[in-house]
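Student: Can you read through this structure? Questions will come right after.
The values are calculated or read from the model by the stated rules, or taken from the named source; none is laboratory data. The model shown is predicted, which means the values in this text are computed figures rather than measured ones. Neighbour counts run over all protein chains shown; Cβ positions are idealised from the backbone, glycine included.
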Amino acid sequence: MTDLSVVGFLGLSSALLAVGIFGVLTRRNFILLLISIEIAMNAAILNFVYFAGFLGGTSGLTGQAIAVVLIGFAATEVAVGLGIVLALNRAKGTINVAQATELRL
Amino acid sequence: MILEELAFVFLAGIAVVTAVLSLLVRELVHTILWIAIFFVDLSAIYFLLEAPFLGVLQLGVYAGAVTVLLLFGIMVTRKRIFSREAATGIGAVPVGLALVTFIFLIAAVGEFSSAPGTIHSYNPSDLSQNLFNVNGPWLLLLGLIMLGAVGGAIYLVREGRE
């Protein structure tokens, strides 16, 4: 049994979400953009894991199962994102998203 | 427990600092280093939350696979791996938006009671029962989406595509 306060965890995930939003808005490199999205997604997963432990019982187990599925989704997203990075690099010679102005690569 | 609270404050501080540093350093390889520390740190937080299965999954998928994928992404798109990014200004508007989001969320968090809540521990076999029986369809859907994503990624990077 562990005792931890809910406010600290919600504060941590709020801070991580804010950092992720800051990264998405300021960075122009596609890989840094992907990393920002990962930070924001980890904030969401952290909430699921905390409340899974907080609730206990079947709902808690469901929360952990959702966290497992979310981690899988995040890994998938990085794989597709890096595919886009390679295609962008081949088409434009750069991975700066500001220069990806044509919809067709 | 005061020890667990201290451990959480320490780990949370490392998480926020490494997340900010990973977006602010100018060498992309250093970014990957900081983000790897961030992922390992979150895995430690999961262990603290009595979710060892998720902690190991975080280590394997994020600290292992995602970090290596991002490193490969950097290696194949630049001539020299250790080359600096052009400095990008940190505009007032993005920082302001992020701060407003943070303050809004913190104000909402303030509504919660700050009394410590008990974290329940799980038997991993119960989790696997739940994962493959109750939530089996979602896991199947995840597998199908991953298959589609792999097909899409191969389509994107294949040779000779116009």
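Student: So A:Val69 ticks every box in (1) at the interface with chain B (Cβ under 7 Å from one of its Cβ atoms); (2) over 14 Å from the mean Cα position of the chain (by Cα); (3) not small (Gly, Ala, Ser) but one. Which box is left unticked?
Tutor: Just one mismatch for A:Val69, condition (2).
Student: Please go through (1) within 15 Å of the chain's Cα centre (by Cα); (2) surrounded by 21 or more Cβ atoms within 10 Å (Cβ to Cβ); (3) within 7 Å of another protein chain (Cβ to nearest Cβ) for A:Ile95 and return the number of the only condition it doesn't satisfy.
Tutor: (1)
Student: List, please: which pairs have Cβ atoms under 7 Å, are six or more places apart or on different chains, and start with a residue in region B:1-21 that is within 10 Å of another protein chain (Cβ to nearest Cβ) and end with one that is part of a helix (DSSP H, G or I) and acidic (Asp, Glu)?
Tutor: B:Leu11/B:Asp41; B:Ala15/B:Asp41; B:Thr18/B:Asp41
Student: A further question on this structure: Look at region A:23-52 and say how many of its residues are assigned to a helix (DSSP H, G or I) and without any contact (Cβ under 8 Å) to a residue 24 or more places away in the chain.
Tutor: Here the count works out to 12.
Student: Where in region B:1-84 are there helices (runs of 4 or more DSSP H), lying fully within it, with 1 or more residues that are buried (at least 16 other Cβ atoms within 10 Å of the Cβ), within 12 Å of the chain's Cα centre (by Cα) and of a type outside the set (S, T, N, Q)?
Tutor: B:2-24, B:28-48, B:52-57
Student: Let me ask another. A:Leu10 is checked against (1) modelled with pLDDT of 90 or more; (2) surrounded by 18 or more Cβ atoms within 10 Å (Cβ to Cβ) and fails just one. What number does that condition carry?
Tutor: (1)
Student: Okay, moving on. Looking only at region B:32-40, decide whether some residue is at pLDDT below 90 and closer than 21 Å to A:Leu86 by Cβ.
Tutor: Here is the first cut: in region B:32-40, the residues at pLDDT below 90 are none.
Scanning region B:32-40 turns up no residue that is at pLDDT below 90 and closer than 21 Å to A:Leu86 by Cβ.
Student: Tell me, yes or no, whether region B:78-98 has at least one residue that is modelled with pLDDT of 85 or more, more than 15 Å from B:Leu33 (Cβ to Cβ) and β-branched (Val, Ile, Thr).
Tutor: no
Student: Let me ask something else. With A:Leu61, A:Leu86 as the choices, which residue is at the interface with chain B (Cβ under 7 Å from one of its Cβ atoms) and farther than 23 Å from B:Trp138 by Cα?
Tutor: A:Leu86
Student: If you don't mind, there's one more thing I want to ask. Determine whether region A:7-19 contains at least one residue that is over 23 Å from B:Gly110 (Cα atoms), more than 7 Å from every other protein chain (Cβ to nearest Cβ), in a helix (DSSP H, G or I) and touching a residue at least 40 places away in the same chain (Cβ under 8 Å).
Tutor: Start the filter on region A:7-19 by keeping residues that are over 23 Å from B:Gly110 (Cα atoms), which leaves none.
So far as region A:7-19 goes, no, none of its residues is over 23 Å from B:Gly110 (Cα atoms), more than 7 Å from every other protein chain (Cβ to nearest Cβ), in a helix (DSSP H, G or I) and touching a residue at least 40 places away in the same chain (Cβ under 8 Å).
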